[in-house]
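Below is one structure, written out as structure tokens; the observations come after it.
The values are calculated or read from the model by the stated rules, or taken from the named source; none is laboratory data. Source: prediction; values computed, not measured. For neighbour counting, all protein chains shown are included, and Cβ atoms are generated from backbone atoms with ideal geometry for every residue, glycine included. We work out accessible area using only protein heavy atoms, side chains counted, and drop any ligands, DNA or RNA first. Shrake-Rupley method; radii C 1.70, N 1.55, O 1.52, S 1.80 Å.
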Amino acid sequence: MEDSFDGTEHPHAYPRLYELMSTLQVRGLTTDLRARTLTVSRPDDPTRATRVITCRPRPTDGDRLWFFDEATGDPIEQAGHIADAAVIVAGSLAPAP
């Protein structure tokens, strides 16, 4: 993970990651925002599972910004849908019943 910008980032990616971070913090999740990634975890999770999220254009959706799971490369949600993305991310870190 890099901690600085190199000029290749989309100009709106960091603000979208920041918005997602803020929404997830309200839900009680722990976050770590870097230049290109947002790491999310549950503070009470004994497994210490994390999710690393990026924000970049999605070519198959007219290059609109999307959040992606860094580990798998899978799209999570369109970056304009902050609340929906937060629900998906929080749900993916929910403890098993």
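Quick notes
Every residue, every condition in (1) surrounded by 12 or more Cβ atoms within 10 Å (Cβ to Cβ); (2) over 15 Å from Glu19 (Cβ atoms), yes or no:
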position	(1), (2)
Pro57	yes, yes
Asp63	no, yes
Phe68	yes, yes
Ala85	yes, no
Ile88	yes, no
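- Top-ranked residue in segment 44-55 [being over 16 Å from Leu20 (Cβ atoms) and open to solvent by 60 Å² or more (accessible area, probe 1.4 Å); ranked as farthest from the chain's Cα centre (by Cα)]: Pro46
- Ser41 fulfils the conditions (1) over 17 Å from Ala13 (Cα atoms); (2) open to solvent by 30 Å² or more (accessible area, probe 1.4 Å); (3) not β-branched (Val, Ile, Thr) except for a single criterion, (2).
- Strands (runs of 3 or more DSSP E) wholly inside segment 17-64 containing at least 2 residues that are within 13 Å of Val89 (Cβ to Cβ) and in contact with a Leu (Cβ under 7 Å, 6 or more places away or on another chain): 38-41, 50-58
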